[in-house]
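Worksheet: the structure to be examined is printed underneath.
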Amino acid sequence: MRKSRLFAGVVVVVLAGVGIALYNNGNTRADDVADNQMTAADPAKPDAAAVTRGAYVAAQGDCAACHTAPGGKPYAGGYAIQTPFGAINSSNITPDRTHGIGDWTERDFFRAVRHGKRKDGALLYPAMPYNAYVKMNDADLHDLWAYMRSLQPVSQAPTPNTLGFPYNIRLAMLGWNLLYFNNAGYVADPKQSDAWNRGRYLVDGAGHCAACHTSKNALGGDTSAYLQGAELLGGYAPEITNNPHLGLGNWSEPQVAQYLKTGSNDKAVAAGAMGEAVEHSTQYLTDADTAAIAGYLKSLPGSNAQAPTALAGDNPVMKRGAHLYETNCMACHNVSGEGIKGMVTAFTDNSGIRAPSAANLVGTVLKGGRAAATESNVTAAGMPSFAWKLNDADIAAVLTFVRNSWGNAAPEVHAQEVAKARSDLKLVDAVH
Ligand code: HEC
Ligand code: HEC
Ligand code: HEC
């Protein structure tokens, strides 16, 4: 009797807790413009200064990259984001009244961007990084809205998603939000400098760096290994804390800033998903903002992952790799893996090369690649595809060699891993 009453009490408390959490997560009042000091933009009187500032906020948030289909009109949507559950297509966010957000109010926009709620009340999928954008402040969002209103409307219907059951049920996002969405704005740390706070504001908010650099659990929520590296579909976003072995510990702050601004420095060349982030977003950041991000990232201790012991040079896989390196890679990556500054990735002292996952490296050797083309680095260098030339064991050996030479030490790459990537990428077998 007593026991069951206690049980019922616990259930009531738990339900109340869930209810409050749901209410708080769904409660958008705290962010409504009208409740703050900010006045809503008057559509009849565009504010040119706000539009200019908003264009900069859009670049910080990389909104165009996800909301523009390849070859499509800017912000008209239809870009497919591949998730393990199916493809989610981005929406048309031009001011078109039928297919875009032309009949939205500023409030509707705030709710969508910061709370993942559409005008019609449906919940957005976190493929739209509202869980990061929630940290963006009212002033930035207001300017962003002014900018979005200034765009040319594009009458283009959104592409339907290809999510399978049960992931096509938007209401399920209520549960996701409850578990992983923290409906709280950016809270400055008064013990840190303004620059540090600006850096964290950009990294956690508009920059949504954790979307790629923080590993996810089975349901796609962030783990606590903040910015400590994560597998992406067909790639790997390395640790970007100050960890010396796997992170940016041996990059200086100016080197981090230079990488974000130009897409390369004398340590690394941004390619793949990061190449795109640099091209569409970070190259447009002011020097003060790239410096702030660099300072913040360098202040994070990160994981305390230790270097494994490098494989010995007389190991047969290492010998085979050394030979393959000499004949296929040395012309560009240089005699001792030093690369070509600003053009070809250096393998020496490069934490990306030592990452626990070799997925990026395998992908690059199979597909080839292209460095980010930025305003300051117009002719992006290319890396040829070796899929046709080297077989799975060759690629595994040459990468094992690179990952265990010139001061690097990392787990061996196996032929099975290369074979899997080759079939995932639908690439041909090597000719011999
Ligand atoms: C990583 C990709 C990505 C980025 C970056 C991104 N979005 Fe989205 N956005 C999406 C996807 C995908 C959807 C649709 C999600 C869905 O259908 O649930 C979406 C939906 C939206 C919607 C809802 C539109 C509607 O009609 O339902 C708005 C508004 C929006 N995004 C604005 C923005 C703004 C503003 C930015 C930049 C600050 C931005 N997005 C950046 C992927 C992205
Ligand atoms: C869409 C996914 C994505 C987003 C968003 C993203 N990154 Fe990256 N990042 C990557 C990938 C993938 C790499 C590895 C690139 C390579 O090997 O060429 C990378 C590499 C880097 C590196 C170089 C690390 C090294 O050791 O070589 C830095 C620094 C970096 N990112 C910082 C950032 C910052 C700061 C942000 C947010 C403003 C950010 N990234 C947002 C995917 C992303
Ligand atoms: C014609 C010049 C050229 C040759 C030959 C070449 N590379 Fe590259 N490589 C590049 C350039 C340029 C980049 C930077 C752009 C990129 O990452 O796609 C690069 C990048 C890479 C990366 C970095 C990927 C990352 O995620 O940071 C790896 C690994 C790599 N190459 C391995 C090899 C191996 C192994 C060989 C020989 C089998 C080879 N490369 C041959 C030019 C070359």
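List of remarks:
- Extension reserve of the TRP406-ASP314 stretch, reckoned as 0.36 nm per residue once the Cα distance is removed: 31.7 nm
- Rounded to 0.05, the FRET efficiency of the ASP266 and HIS414 pair, given R0 = 41 Å and the Cβ-Cβ distance, is 0.85.
- Pairwise label distance in nanometres, ALA305 with ASP424, each label 7 Å out on the Cα-Cβ vector: 1.6 nm
- Of TRP176, TYR133, LEU324, farthest towards positive along the dipole that unit charges on Lys, Arg, Asp, Glu beta carbons give the chain: TRP176
- Rounded Å value of the spacing that divides the Cα centres of segment 320-341 and segment 57-84: 37 Å
- Rounded to 0.05, the FRET efficiency of the LYS45 and LYS119 pair, given R0 = 30 Å and the Cβ-Cβ distance, is 0.85.
- Taking every DSSP beta bridge that has both ends in segment 191-432, the antiparallel portion is near 90%.
- Folded to 0 to 90 degrees: helix 2-26 orientation relative to the chain principal axis, Cα: 80 degrees
- Gained length - SER224 relative to THR162, 0.36 nm times residue gap less alpha-carbon distance: 19.3 nm
- FRET efficiency estimate (nearest 0.05) - Cβ-Cβ, ASP103 to ILE169, R0 22 angstrom: 0.25
- With 26 Å as the limit on Cα-Cα distance, the pairs of LYS261/LYS389; LYS73/LYS117; LYS191/LYS261 that go past it are LYS261/LYS389; LYS191/LYS261.
- Pairs of Cα atoms in the chain fall into 20 Å distance bins, from 0 up to the last occupied one, in shares of 23, 53, 22, 2, 0 percent.
- The chain: calculated mean residue ellipticity at 222 nm from DSSP helix runs of at least 4, using -39500 (n - 2.57): -12000 deg cm²/dmol
- Here segment 233-379 yields Rg over Rh of 0.97, to two decimals, using C-alpha coordinates and the Kirkwood radius.
- When the solvent-accessible area of the chain is split by element, carbon and sulfur atoms take up 60 percent of it, the probe being 1.4 Å.
The values are calculated or read from the model by the stated rules, or taken from the named source; none is laboratory data. Just so we're clear, the structure is a prediction, and the values are computed from it rather than from any experiment. Because the Cβ atoms are built from the backbone with ideal geometry, glycine has one as well, and the counts that use them run over all protein chains shown. Heads up: the accessible areas ignore ligands, DNA and RNA and are worked out on the full protein's heavy atoms, side chains in. Shrake-Rupley method; radii C 1.70, N 1.55, O 1.52, S 1.80 Å.
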